[in-house]
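Below: one structure, written as structure tokens.
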Amino acid sequence: MVGVAAALTLTPIPGDRAQADSPGSSRDIPEQMVLIPGGLATIGTDPAELNQLVEMGREVPHMDSTHATWWFGDETPQHEVSVAPFYMDAHEVTNAEFAAFVEATGYEAEGDWRKYAGEGREQHPVVNVTWHDANAYAEWAGKRLPTEAEWEWAARAGSDARWFPWGDTPDPDRANWRQEGESFFQGLGRMMFGRRIHTTPVGSYEPNGFGLYDMVGNAAEWCADPYAPYPGFALETWVFTRHGPYDKDEAPLQGRVIRGGSWDSPNAVFVRITSRNVQAEDEASPRVGFRCVRSLEE
């Protein structure tokens, strides 16, 4: 297993350029990005592993094997894909970076990202952006949004761990999620009054083995892919889920894939590397942000 890099207390410094550390080659890496080596990636969850998720999520109300299928069945089947080398942002796009894009272009965002971008939050991940907003920023920056395969491969960072960048055991000291859950009255208050946002500045937690921060927790991240069965698998064989009780005859939600879980995820089972979620392209959420990638030939 590839060990997790030592914890850092500072975020990457804007303007820095690093050198790639891949065997037999050295190249300039774009600012604030990391070179992700290519390889054969194991993507998704084996149905036999769902019982592990029942145990991990045992404090989630009603968690059992049926609910595990309802919530996590869209992660199956496990399969292998070949991933070409690419560059990935070391951290999620920040409020300061998104503000610079808006100022430079006059872009009118669909999501009310400014609501959570007040003074002192410049280095927090930008959230409340739609997929269109994220894609527009990526194009302006000369980048793109990652595919699911790229995202999951990068999150695992060469490790043989199944569930988290650091291993298979939840660790609230290594990622930002709402691990304490909530009481009935807290849940009622959230429904009535909303919940105060609890993102942390990018780089607050140790990076994974590739040097990527917050691949799980903090802000969930938009991917390029439409929400659908993994490529090559038929719709009629897919365990579609709305992350709750579902009707097998109901059409899948239309939207884009979201990965990584967020500051508001109530249990570690929802911030795993393989966990999938979906949101409409024109919908914004205080839980969802993004990071970008760039192909080597670009």
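The values are calculated or read from the model by the stated rules, or taken from the named source; none is laboratory data. Worth saying up front: this structure is predicted, and the values here are computed from it rather than measured. Note that each Cβ is placed from the backbone with ideal geometry, even for glycine, and that neighbours are counted across all protein chains shown.
Here are some notes:
- When residues of the stretch 115-168 are limited to those that are of a type in the set (D, E, K, R) and closer than 13 Å to Ala99 by Cα, the one surrounded by the most Cβ atoms within 10 Å (Cβ to Cβ): Asp133
- Qualifying residue in the stretch 240-257 (condition: under 27 Å from Trp166 (Cα atoms), out of contact with any Leu (no Cβ under 9 Å at 6 or more places or on another chain) and modelled with pLDDT of 95 or more): yes
- Among residues of the stretch 265-287 being under 19 Å from His91 (Cβ atoms) and touching a helix residue (DSSP H, G or I) at 6+ places or on another chain (Cβ under 9 Å), the one that is surrounded by the most Cβ atoms within 10 Å (Cβ to Cβ) is Ile273.
- Every test in (1) at pLDDT 90 or above; (2) under 30 Å from Ala141 (Cα atoms); (3) in a loop (DSSP other than H, G, I, E, B) is passed by Val4 save one, and that test is (1).
- Filtering the stretch 43-72 to residues that are crowded, with 17+ Cβ neighbours inside 10 Å, at pLDDT below 90 and among the small types (Gly, Ala, Ser) leaves only Ala68.
- Restricting the stretch 23-75 to residues that are part of a helix (DSSP H, G or I) and small (Gly, Ala, Ser) leaves a set whose member that is farthest from Arg291 (Cα to Cα) is Ser65.
- Scanning the stretch 163-170 turns up at least one residue that is at positive phi, part of a strand (DSSP E or B) and at pLDDT 95 or above.
Residue-wise test of (1) farther than 30 Å from Ala234 by Cα; (2) touching a residue at least 24 places away in the same chain (Cβ under 8 Å).
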site: Ala68; (1), (2): no, no
site: Phe72; (1), (2): no, yes
site: His91; (1), (2): yes, yes
site: Thr94; (1), (2): yes, yes
site: Thr105; (1), (2): yes, yes
site: Gly111; (1), (2): yes, yes
site: Ala134; (1), (2): no, yes
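- Top-ranked residue in the stretch 281-298 [being assigned to a strand (DSSP E or B), of a type outside the set (Gly, Ala, Ser) and under 14 Å from the mean Cα position of the chain (by Cα); ranked as nearest to Glu221 (Cα to Cα)]: Val288
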